[in-house]
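All of the numbers you see were taken from the coordinates with simple rules; none came from a lab. Fair warning: this is a prediction, and the values are worked out from it, not measured in the lab. Don't worry about glycine lacking a Cβ; one is built from the backbone with ideal geometry, like all the others, and counts go over all protein chains shown.
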Amino acid sequence: MITALDSDGRVYFCLSHANTDQDTYMLFLRHLIAKLDLETPGWQESSVILADNAPYHVSVQAREYLRKM
C-alpha cells in the first residue's frame, strides 16, 4: 500500500497485490500529482513530500520526476 495524506485530512492511497517497486511508485506519483493539480492548483508551494529511504523513492527516475513537477 502506498498512502499520501494532506493537512486537510484527505487520504490518497494505492493498493497492490505485488511488492511495491519503482514502476508502482512512479504510477502512484503521476496519478497523485494529476489529482492534486485538479483539486488544488499551486499545491507545490505549500506541500512537502516525505518518503522513507526505499530504493524506489530515491531512484534517479523518481528524483528527476519530482524535481520537474
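Observations on the model:
- Relative to the current alpha-carbon distance between E45 and R67, full extension at 0.36 nm per residue lengthens the span by 6.6 nm.
- Relative contact order for the chain: 26 percent, from Cα pairs under 8 Å spaced at least 6 residues apart, divided by residue count.
- In order through the range 40-49: 3J(HN,Hα) via Karplus (6.51 cos²θ - 1.76 cosθ + 1.60), integer Hz, x for Gly, Pro: 9, x, x, 4, 4, 5, 10, 10, 10, 9
- Estimated vicinal HN-Hα couplings, Hz - the range 10-17 in sequence order (Karplus 6.51, -1.76, 1.60; Gly, Pro = x): 6, 10, 10, 8, 10, 10, 9, 8
- Rounded to whole numbers, the Karplus 3J(HN,Hα) couplings from phi for the range 25-39 are 5, 5, 4, 4, 4, 4, 6, 4, 5, 4, 5, 5, 4, 6, 6 Hz, using 6.51 cos²θ - 1.76 cosθ + 1.60 with θ = phi - 60°, and x at Gly and Pro.
- Distance in nm between pseudo-label sites at D6 and Y56 (7 Å out along the Cβ direction from Cα): 2.4 nm
- FRET efficiency for L38 and A18, using Cβ-Cβ distance with R0 set to 25 Å, rounded to 0.05: 0.35
- Each of [x] 22, 15, 11; [y] 20, 15, 11; [z] 32, 29, 5 is a candidate for semi-axes √(5λ) of the Cα gyration tensor in Å; the one calculated from this structure is [y].
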